[in-house]
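Worksheet: the structure to be examined is printed underneath.
The values are calculated or read from the model by the stated rules, or taken from the named source; none is laboratory data. Treat the numbers as computed from the prediction; the structure is a model and nothing was measured. Positions of Cβ are generated from backbone atoms using ideal geometry, with glycine treated the same way; all protein chains shown enter the neighbour counts. These accessible areas exclude ligands, DNA and RNA; they are computed on the full protein's heavy atoms, side chains included. Shrake-Rupley method; radii C 1.70, N 1.55, O 1.52, S 1.80 Å.
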Amino acid sequence: MRESSLKDIELKGVTALGLQKCLDIVYGSPTTFDSYAQLFDTIAASTHLQCLRVVAFCERHFLGRLTCQNVHKFLYTARLYGLNDALAHIDRFIVNNLAQIVAHGLLSFLSYDQLLQCLRADSVRMREIDLFTLTWQWINENHHDSDVSRIRHLIQHIRFALISPSDLVRRVQCASKLMTHDPVLKRQIDRALTYHVLPNDPFSLASINRSLCTQKRSSSIHSIASSIQLDDDEYDDKDTTSYTKSESNDLMNINLRAPLKCVLTLGGRQMAQSLLRAECYLIDRILTNKRHHHQHQQQQHQHCTTTLTSDDDSGGGDQRRHLTNLPMSTPMSHMQCVLIDSNFLFVLGGCTTLGATNVAHRYDPRLNKWTQVASMLDKRASFVACSLYSTFFDVNNDIGNDSYSNDCNNDNDNDNDDDDYNFVDCFRNYKRRRQKQYLFAFGGQKRDGTALSTSEKYDINENKWRRMRSMPHERYGHAGCTMDNVAYVSGGVVDNNLFAADDHLLVYLPDTDEWEELRPMSVARAWHAMCAAHGRLYVFGGSYSTPHQHQQHQQQQQQPVLLCEYYAPSEDQWTIVRPMLNLHSEATCFKLNSYIYVVGGQNLQTKRAQTRISRYDYRNDLWETTGHLPPTFGLIGMGCAVLDMPSFVY
């Protein structure tokens, strides 16, 4: 090389400072960048000299200085020097911080692809109407208002169903003539308006339930498909929905962007004045408040009754957030709250001032809106409701009718018929089998106070209830939950014997519409809570009855159940776990992250409402009191749900 004989070599396009920093990094000297100029000089030198180790080092420092104010400068530098990893990081940064970037007046610096990526993303923390507004602002600022294909491609990713009807009319349709004249965009807006105005319209219900109608395959079916000759169009692993591709594209996207996992309480009855409530509160701030976390190891070894001398300590101010009221502000308790996979909350039945009701409503957290749906067939309160997937058949010509109601594993019980067993027909039949989510309601208390044994199922798409197989006994005050797509029901008041709690555990199989009896609980209980976690069924609290002499008359007195236990379905066995620190009867429970929370109800020893929130660490078998409800918020029979709320709810 000619340079090998030269005393001085001139490096063009590289500054002395940049070269010095490259040498420091290569030879391991401590290196810092006192200014953006030093950093950019080092990046220029390392990319020019192809020092990949230095480039990676600079990228880390480069991204560490990225802010919403300088994102446009960093974007230019990353493009100039081909920093691909940095470009990918900046794109993610823009998606997660779009609102702040727009607030600093940098919207016009975004490229078409970057804006499109933001509109496609689920992690953007902005209202949908604001996304629509800034999209049109970008179109006007970048002079793309005449490029119809680009406009349509951007606007199609706006989730119009998340925009209120008034904004759809006043701000979306009036943004441009294109919104009302382009057939594709006009159809999207019209369907969003239909969704708002006619929420029980078949198309609206199909959009609500679109992610729920799935076709599930087992590993055995995959092995059958690989071992036999099928046409490519007969076996398509990507075809997992019950809708065709064109139908799926027509359905609205109603998924929230950047949702927050929130805990919502609904209604309940105040013990002090025996008043029903209609308010719905978000209480997750109470659950996460560090001031309320006072776990003490010595309490884990004490008897529960020693911790219950006072239930009205509030531990601070009221940190609830009032979100809404129950429909028509109707006070209610002992209802059932069921969340489906598309994040709609159904509130079923319950006890009003007139007694048990069969009214059902659907809550949409996207717009904080209630919609009345078909009423249940029976008026019921203090019952169990849940959501389960059940098989139905997509009839197509002569395949998929009821004669194919059994799957491949059960079609032939006679081993002698193996020669006649047609795996191809079986697989084609399996392709017609669909799984759709339904709501189920079991048992409960009628308006006259007597118990029910009836069961019913709600079809979300058809907005209809129908009778299912009744439970073996009439019962109310029982608890239930789901696991592995079957429903479990435990305990309760059976056969209208007010003071006789039950210890039975039942399982309901939705595909066969059958009830089975499993190993009973260790103790009988009613008005308890039940939750599934870690492959187990946990039961907490509740009450049972004991004889009590009162003025020469023997009466039954409700006693709290201190024992907690879990059921392992794989072993058909109950196991006793650590007892609760606080007593809860007629409470509600839910699983959040790796804990089970028990909220509300009453303390049967003090005859007062329970305001302490109990948290159970089921992995380590530990209880703690994690917060307190306000003293005036002592409620029994309140509903509770963990659901996704819009990121701007707080």
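Note on PHE648 and THR67: the extension gain reaches 207.0 nm, defined as 0.36 nm multiplied by sequence separation minus the Cα-Cα distance.
The trypsin sites (Lys or Arg not before Pro) of segment 611-650 meeting both criteria, a DSSP state outside H, G, I, E and B (loop) and at most 11 other C-beta atoms within 10 angstrom of the site's C-beta, are ARG619.
Per residue, segment 1-144 exposes 56 Å² of accessible surface when a 1.4 Å probe is rolled over the protein heavy atoms with every protein chain present. Coupling constants for segment 73-86 follow from the phi torsions by the Karplus curve (6.51 cos²θ - 1.76 cosθ + 1.60, θ = phi - 60°), and in residue order they are 5, 5, 5, 4, 5, 5, 5, 4, 9, x, 7, 5, 4, 5 Hz; glycine and proline get x.
Packing here is the average count of other Cβ atoms within 10 Å per residue, and on that basis the peptides 625-633, 168-176, highest first, run 625-633, 168-176.
Pairs exceeding a 31 Å alpha-carbon distance, out of LYS261/LYS607; LYS369/LYS457; LYS261/LYS457; LYS12/LYS73; LYS186/LYS369: LYS261/LYS607. With all pairs of separate Cα atoms included, segment 18-93 yields a Kirkwood hydrodynamic radius of 12.4 Å.
Under a model in which nothing but the beta-carbon of Lys, Arg (+1) and Asp, Glu (-1) is charged, segment 597-644 shows a dipole of about 260 debye around its Cα centre.
Measuring spread by the Cα atoms of segment 590-636 yields a radius of gyration and Dmax of 11.4, 33 Å. On the accessible surface of segment 139-207, probed at 1.4 Å, how many percent belong to carbon and sulfur atoms? On segment 139-207, the fraction of accessible area on carbon and sulfur atoms equals 53 percent. Semi-axes of the equivalent ellipsoid of segment 431-504 are 27, 15, 9 Å, computed as sqrt(5λ) over the eigenvalues of the C-alpha gyration tensor in descending order. Counted residue by residue at 0.36 nm each, then reduced by the alpha carbon distance between them, the extension gain from ARG171 to ARG150 reaches 5.5 nm.
The base-10 log of I(q)/I(0) for segment 331-392, evaluated at q = 0.12, 0.15, 0.19, 0.26 Å⁻¹, reads -0.30, -0.47, -0.72, -1.14 [Debye formula, identical scatterers on Cα atoms, solvent excluded]. Phi angles of segment 41-54 translate, via the Karplus equation with coefficients 6.51, -1.76, 1.60 and θ = phi - 60°, into HN-Hα couplings of 4, 5, 4, 4, 5, 5, 6, 5, 8, 6, 8, 5, 5, 5 Hz per residue; Gly and Pro are given as x.
Accessible area of LYS379 (1.4 Å probe, protein heavy atoms only, ligands and nucleic acids ignored): about 90 Å². Taking a Cβ cut-off of under 13 Å around ALA360, the surrounding Lys, Arg, Asp and Glu residues balance to a net charge of +2, with basic ones at +1 and acidic ones at -1.
Over segment 460-536, the fraction of Cα-Cα pairs per 5 Å bin, rounded to whole percents and listed from the shortest bin up, is 3, 14, 23, 24, 18, 11, 5, 1, 0. The Rg/Rh ratio of segment 49-96, with Rg taken over Cα atoms and Rh as the Kirkwood radius over Cα pairs, comes to 0.96.
Both radii were evaluated on the Cα set of segment 102-194; the Rg over Rh quotient, with Rh as the Kirkwood radius, amounts to 0.93. In vacuo Debye scattering of segment 1-149, one point per C-alpha: log10 I(q)/I(0) at q = 0.21 Å⁻¹? The computed values of log10 I(q)/I(0) come out as -1.24.
Computed over protein heavy atoms with a 1.4 angstrom probe, the accessible surface ordering of SER570, SER522, SER594, SER543, largest first, is SER570, SER522, SER594, SER543.
Throw me the Rg/Rh for segment 486-641, computed over C-alpha atoms with Kirkwood Rh, two decimals. When Rh is taken as the Kirkwood radius, the ratio is 0.98. 3J(HN,Hα) couplings calculated from phi for segment 593-602 with the Karplus curve 6.51 cos²θ - 1.76 cosθ + 1.60 (θ = phi - 60°) are, in sequence order, 6, 10, 9, 10, 10, 10, 10, x, x, 10 Hz; Gly and Pro show x. Per residue, the accessible area of segment 430-524 comes to 39 Å² when a 1.4 Å probe rolls over the protein heavy atoms.
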